[in-house]
Amino acid sequence: MKRNLTPILFLIPVAMLSYLYSLTSFLLLAVMAFCVAALLVVGMVKAFRSNLPQKWVRIPLTIAAVCTLGVLIGLLRPLDPAVINSGEASDMLAYAYETDQADRMTIGAYLGLFENNMAKRDSIRLAQVRQLYQDNQISLPKDKFYAAFVFHHSKKSAFFEIAQKLAGEAAAVSELKDDYVVQWLARATYDRWMVSLGKPEKYGTQDKFSISVELLILNQKRLPWEIQTNFLRLKQMSSSKR
């Protein structure tokens, strides 16, 4: 019997993309969930129609298997170095910010895997940014934003305070007034600092669900400003009702 290899030939390149792009892994998870739902429906139908063609079982299973392979590839892909030690301060800060975000947008991070490795990489980034801060090499608004993001992923109130100071200064600059990520960070660093001191948060940015949703939105850099602003308004409204 000749098998139809079209699903495999079509999906293997998609699975391989998860080696390069973290978002692809999330899409593959969604497809896997859809396949599981389809198999459940097929199982119920098969209870009443025993002569149901096998392709209705084989195709979802094949697609789910290929997607699983893609997710595994995404989990196993090597991470870029946490920091670079050459170039201008702006280059090092931008790179540290990019790896900080890239680490958190992997399937492993969302599943709670590799926490020790991420903590180690965070400490490497923090050590570099602290040194740049102590050497007074963080002066540009965007550099302050990058540094603040690294500081706010630390564990100490003193670093949260620095993060809030830098993020607040970046958010106050006119050219960054309409940058949603910068404005969000100014609020998030303040809340994190307050919570670390045992005080109530002001903007409602620190619950786990909010952080997960916001990180997904923050990484969609092409979202129109209107959508980003409306999201922020909804967050502020929901937090004010708590």
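The values are calculated or read from the model by the stated rules, or taken from the named source; none is laboratory data. Nothing here was measured: the structure is a model prediction, and the numbers come from that model. With ideal geometry, Cβ positions are generated from the backbone for all residues, glycine too; neighbour counts draw on all protein chains shown. With ligands, DNA and RNA removed, areas are computed over all heavy atoms of the protein, side chains included. Shrake-Rupley method; radii C 1.70, N 1.55, O 1.52, S 1.80 Å.
The test for being open to solvent by 100 Å² or more (accessible area, probe 1.4 Å), closer than 21 Å to residue 106 by Cα and at pLDDT 75 or above holds for residue 27. Of all residues being of a type in the set (Val, Ile, Thr) and under 12 Å from the mean Cα position of the chain (by Cα) in region 83-113, which is modelled with the lowest pLDDT? Just the residue, please. Applying the filter and picking the extreme gives 107. Can you find a residue that is modelled with pLDDT of 90 or more and in contact with a Phe, Trp or Tyr (Cβ under 7 Å, 6 or more places away or on another chain) anywhere in region 215-228? Within region 215-228, not a single residue is modelled with pLDDT of 90 or more and in contact with a Phe, Trp or Tyr (Cβ under 7 Å, 6 or more places away or on another chain). Scanning region 56-67 for residues that are without any contact (Cβ under 8 Å) to a residue 40 or more places away in the chain and open to solvent by 40 Å² or more (accessible area, probe 1.4 Å) returns 56, 58, 61, 65.
The residue of region 180-206 that is nearest to residue 169 (Cα to Cα), among those that are small (Gly, Ala, Ser) and at pLDDT 90 or above, is 186.
Quick grid of which residues meet (1) under 30 Å from residue 100 (Cβ atoms); (2) among the β-branched types (Val, Ile, Thr); (3) modelled with pLDDT under 80:
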residue	(1), (2), (3)
45	no, yes, no
53	no, no, no
57	no, yes, no
65	no, no, no
70	yes, no, yes
73	yes, yes, yes
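Does residue 134 satisfy being under 30 Å from residue 177 (Cβ atoms), at pLDDT 90 or above, open to solvent by 60 Å² or more (accessible area, probe 1.4 Å) and not basic (Lys, Arg)? So residue 134 passes the test.
Results for (1) part of a helix (DSSP H, G or I); (2) surrounded by fewer than 18 Cβ atoms within 10 Å (Cβ to Cβ), shown as yes or no for each residue.
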| site | (1), (2) |
| --- | --- |
| 155 | no, yes |
| 159 | yes, no |
| 162 | yes, no |
| 166 | yes, no |
| 169 | yes, yes |
| 178 | no, yes |
| 183 | yes, no |
| 187 | yes, no |
| 191 | yes, no |
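In the set (1) under 30 Å from residue 144 (Cα atoms); (2) modelled with pLDDT of 80 or more; (3) of a type outside the set (A, V, I, L, M), residue 22 fails one condition alone, (2).
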